[in-house]
1. Quick one: in segment 197-232, which of the residues that are among the acidic types (Asp, Glu) and over 11 Å from residue 135 (Cα atoms) is modelled with the highest pLDDT?
2. Output the residues belonging to segment 1-33 that are over 14 Å from the mean Cα position of the chain (by Cα) and under 21 Å from residue 200 (Cβ atoms).
3. Which residues, counting only those in segment 150-177, are assigned to a loop (DSSP other than H, G, I, E, B) and either modelled with pLDDT of 90 or more or surrounded by 19 or more Cβ atoms within 10 Å (Cβ to Cβ) (or both)?
4. Pick out, from segment 178-237, the strands (runs of 3 or more DSSP E) lying fully within it that include 1 or more residues that are touching a Pro at 6+ places or on another chain (Cβ under 9 Å) and in the same structural domain as residue 38 (by TED's automatic domain parsing).
5. Going through segment 88-118 one residue at a time, which ones are in contact (Cβ under 8 Å) with a residue 24 or more places away in the chain, not in a strand (DSSP E or B) and not hydrophobic (A, V, I, L, M, F, W, C)?
6. Yes or no: segment 185-195 includes at least one residue that is buried (at least 18 other Cβ atoms within 10 Å of the Cβ) and touching a helix residue (DSSP H, G or I) at 6+ places or on another chain (Cβ under 7 Å).
Amino acid sequence: MGISFGTARLLRYVVASAAKFSESAVIYVSPDRFSFKAIDPSKSALLVLTIPKEVALQYDVSSEQQLAVNLEDLAKVFRSTERDDSVTLNWTESSIEVSFERKGFSRVFTLPLASVFEEVPEIEVEYPNTYVIRPSELYEALSGLKDVGDVLRVEGDENSVKLKAESELGEAEITLSRERGSLEEAEVNQPGFSVAYTMELVQHSRLVVRLAERTSLRVGPELPLYLRIESHGCTIDYYVAPRAE
């Protein structure tokens, strides 16, 4: 059984992001979709990549399966990708084969599957506030705040969302708003919120944001930050737990 996808670059960035906070990931496959999930040991960050059957170049899956992979090893394999590579994943009960193809030239890697893995929970939360942000603007905002502080505070109202980096030395703030064109949509039922997150965990999403065609940020008082990234017909859902204050 296997699946082929048109751009290996997206999977490369997803795997690299997940490898920053987790040692392993679980791949869930079914006849209609492929999911890749990674959670950090403290349950403070969760990444879920979903590839629907319809966007795959080839999709040969007849039954549901769960596969555990070592992220460090998988990240090393994906670092060899070129910009225009397609990727094919094939698996057996004991191994996963990763093939990259570009202009008729193939490179094939085989990795063992892990025998034990942790179940990744489903998150079902109703969010009062959703902001659709231009991907390039979100990427620049996260890049600009990356080295400023170890806390990222998110605040917002009906017309804007503010990202604040906080440290003992001070803070820096970037406002994404309708007026400036960085905010495309806003559905806000609970304005005036203020939630703090660990900056390092939020920054792990930045690689994938670079390839996004659409990004939305969902947030609310005392709720996990939920960043949805849409690219090439796939979705990447990234959650970060709020910090205790």
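The values are calculated or read from the model by the stated rules, or taken from the named source; none is laboratory data. All values reported here derive from a predicted model rather than from experimental measurement. Heads up, the Cβs are rebuilt from the backbone with ideal geometry, glycines too, and the neighbour counts pull from every protein chain shown.
1. Residues of segment 197-232 that are among the acidic types (Asp, Glu), as a first pass: 200, 213, 222, 230.
Filter once more, keeping what is over 11 Å from residue 135 (Cα atoms): 200, 222.
Values: 200: 96, 222: 93.
Residue satisfying both the conditions and the ranking: 200.
2. 23, 24
3. Here is the first cut: in segment 150-177, the residues assigned to a loop (DSSP other than H, G, I, E, B) are 150, 157-159, 168-169.
Answer for segment 150-177, where residues must be assigned to a loop (DSSP other than H, G, I, E, B) and either modelled with pLDDT of 90 or more or surrounded by 19 or more Cβ atoms within 10 Å (Cβ to Cβ) (or both): 150, 157, 158, 159.
4. Details: elements: 183-188, 193-198, 214-219, 225-231.
Filter on segment 178-237 gives an empty set.
5. 115, 118
6. The first filter runs over segment 185-195 and keeps only residues buried (at least 18 other Cβ atoms within 10 Å of the Cβ), leaving 186, 188, 193, 195.
Within this subset, residues satisfying the condition of being touching a helix residue (DSSP H, G or I) at 6+ places or on another chain (Cβ under 7 Å) are none.
Checked against the condition, which is being buried (at least 18 other Cβ atoms within 10 Å of the Cβ) and touching a helix residue (DSSP H, G or I) at 6+ places or on another chain (Cβ under 7 Å), segment 185-195 yields no hits at all.
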